Amino acid sequence: MLCPCGSTLLFNTCCQLFITQKQQANTPEQLMRSRFSAYAIKDGQYVFDTYGAAQRIKQSVSEIQLWADECQWLALVIHESGANTVEFSAYYVVDNTLCELREKSNFALEENKWRYIDGEITVHNEIANIKRNELCPCNRYPTAWSAKKGKKFKHCCAK
Ligand SMILES: [Zn+2]
Ligand SMILES: [Zn+2]
């Protein structure tokens, strides 16, 4: 399967290496991409583990898991990648509604590992209501990882 992060690499040669702890992310962008991929494959534990220590106290794996499970994560677009920041848009479907979440995220090194600290959400929009017989919205995004492009929503990214 293609990596959910939109790299066009296979998942097992991209974000899976970080999610399974075989490698550590070298940059904030790598960590951010792997966190999106973890949401996409619904691995709430990895999302939790890659928060900074002070943030983990305020989070629970089950809440992250609920949010990951509720959404179908279609595509990630990186707008800007800095030394400690990444600005991205994540596109997802929840309750048959296509949404965009755009955020400028802050990262820090803790014990030599990149960790997500916090972010400023600049866009959180409902883009469209998707009917089950419509072309799947993953077709709108070149970085979508769905292997079933050209399919109706109900045969593609719908739950
Ligand atoms: Zn990836
Ligand atoms: Zn789709």
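The values are calculated or read from the model by the stated rules, or taken from the named source; none is laboratory data. Just so you know, these numbers come straight off a predicted model, no measurement behind them. No Cβ is skipped: glycine too gets one built from the backbone with ideal geometry, and neighbour counts run over all protein chains shown. Calculation scope for accessible area: heavy atoms of the full protein, side chains included, ligands and nucleic acids excluded. Shrake-Rupley method; radii C 1.70, N 1.55, O 1.52, S 1.80 Å.
Our estimate of slack between THR27 and LYS159, defined as 0.36 nm per intervening residue step minus the Cα-Cα distance, is 44.3 nm. Amide H contacts of CYS14: none lie under 5 Å away among residues 5 or more positions distant or on a separate chain (H built 1.01 Å from N in the peptide plane; Pro and chain starts excluded).
Taking amide H as placed 1.01 Å from N in the peptide plane, LEU74 has its amide H under 5 Å from the amide H of TYR91, TYR92, VAL93, each at least 5 places away in sequence or on another chain. Looking at the chain, the accessible area is 52 square angstrom per residue; that uses a 1.4 Å probe and ignores ligands, DNA and RNA. To the nearest ten degrees, helix 28-40 and the longest principal axis of the Cα atoms of the chain are 50 degrees apart.
With a cut-off of 10 Å between beta carbons, the residues surrounding GLU120 carry a summed charge of -1, where Lys and Arg count +1 and Asp and Glu -1.
Here the peptides 19-32, 109-122 are ranked by packing, the mean other Cβ count within 10 Å, and the order with the highest first is 19-32, 109-122.
Among beta bridges identified by DSSP and lying wholly in the chain, the antiparallel ones come to about 95 percent. Once backbone amide H atoms are built at 1.01 Å from N, ILE127 has LEU98, CYS99, GLU100 as its partners under 5 Å, excluding neighbours fewer than 5 places away on the same chain.
Please report the equivalent ellipsoid semi-axes of the chain, computed as sqrt(5 x eigenvalue) of the Cα gyration tensor, largest first, in whole Å.
Equivalent-ellipsoid dimensions as semi-axes: 26, 16, 15 Å.
Estimated from helical segments only, the mean residue ellipticity of the chain at 222 nm is -6000 deg cm²/dmol, where each DSSP H run of four or more residues counts as -39500 (n - 2.57). Relative contact order of the chain: 21 percent, from C-alpha pairs under 8 Å at least 6 residues apart in sequence. Using a probe radius of 1.4 angstrom, the carbon and sulfur fraction of the accessible surface of segment 24-159 is 47%. Computed from label points 7 Å out along Cα-Cβ, the spacing between TYR141 and ILE57 is 3.4 nm.
Close Lys pairs in the chain, defined as Cα atoms under 16 Å apart and 8 or more places apart or on different chains, number 9. For the chain, the longest principal axis of the alpha carbon atoms and the long axis of helix 61-70 meet at an angle near 20°. Distance between the modelled labels on ALA128 and LYS149, one decimal in nanometres: 1.6 nm (7 Å Cα→Cβ projection).
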